[in-house]
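To keep things clear, I will list the structure first and then write my remarks on it.
No lab work stands behind these numbers, since they all come straight from the coordinates. Just so it is clear, the structure is predicted and the values come from calculations on it, not from any experiment.
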């Protein structure tokens with residue numbers, strides 16, 4: 001049953017953009033302080049990674065149902081992954097209207113994705129079991145931190161958009177570094193976070209060089225931590 005639910009949630013999650021067409025980020029006017037081209041947000045091209053994430057999660061869930069339905073290694077991460085994907089299936093619809101609730105929900109999605117990743121174990125099915133969970137959790141780490149930065153800047157809390165870009169980068173890097181270090185495997189997680197950080201650097205390269213350089217420094221940190229895991233068992 002868990003395998004069936006996980007596949008159903010993965011399919012619903014991947015189908016959600018078709019039911020909420022045209023979403024390209026939070027509407028700047030949904031915030032009291034409109035967030036136009038916020039420095040905490042990655043450049044648009046980086047969001048293409050969702051195509052890979054959707055496809056790989058469906059492959060993960062489908063293979064798990066058809067070939068590993070009773071395998072304990074596959075069963076362990078299913079409940080937290082199901083929770084994350086089930087929330088994700090409605091996230092775009094929420095994000096179109098309520099950035100506060102959407103920010104709360106994306107952090108819950110991240111918690112589920114990280115729990116699933118930590119409960120996955122390397123085995124002969126590594127590229128179907130662990131890797132898709134790693135890139136999903138990695139992107140959500142960056143996306144949830146960016147959402148937090150948008151929310152803080154959008155409501156004028158403590159500092160401005162640039163200040164919240166630094167806060168968002170700090171949260172993303174601190175959390176990602178801790179996860180990659182304690183996990184000790186799944187370099188795909190760190191590489192995905194690095195992908196997002198590079199896109200933040202690209203977004204700010206002309207308009208806000210200090211933020212861009214901070215994102216570049218974070219990228220190097222994550223690449224180094226991901227590389228360290230290659231010396232250990234997958």
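A few notes on this one:
- Computed Rg/Rh of region 51-98, alpha carbon atoms with Kirkwood Rh: 1.08
- Here region 74-174 is treated as a Stokes sphere of Kirkwood radius computed over C-alpha pairs; at 37 °C and 0.692 mPa s its diffusion coefficient rounds to 229 µm²/s.
- Against the empirical curve 2.2 N^0.38 Å, the C-alpha radius of gyration of region 123-204 lands at a ratio of 1.21.
- Look at the Cα gyration tensor of region 3-57: its axes a ≥ b ≥ c give a/c of at least 1.5 with a/b over b/c, and that counts as prolate.
- Cα gyration tensor, the chain - rounded (a/c under 1.5), prolate or oblate: oblate
- Region 106-234 - percent relative contact order, Cα under 8 Å, separation 6 or more: 25
- Short-range pairs are left out: with C-alpha atoms under 8 Å and at least six residues apart, the relative contact order of the chain is 24 percent.
- Debye intensity ratio I(q)/I(0), log10, region 1-122, q values 0.21 Å⁻¹ (C-alpha model): -1.22
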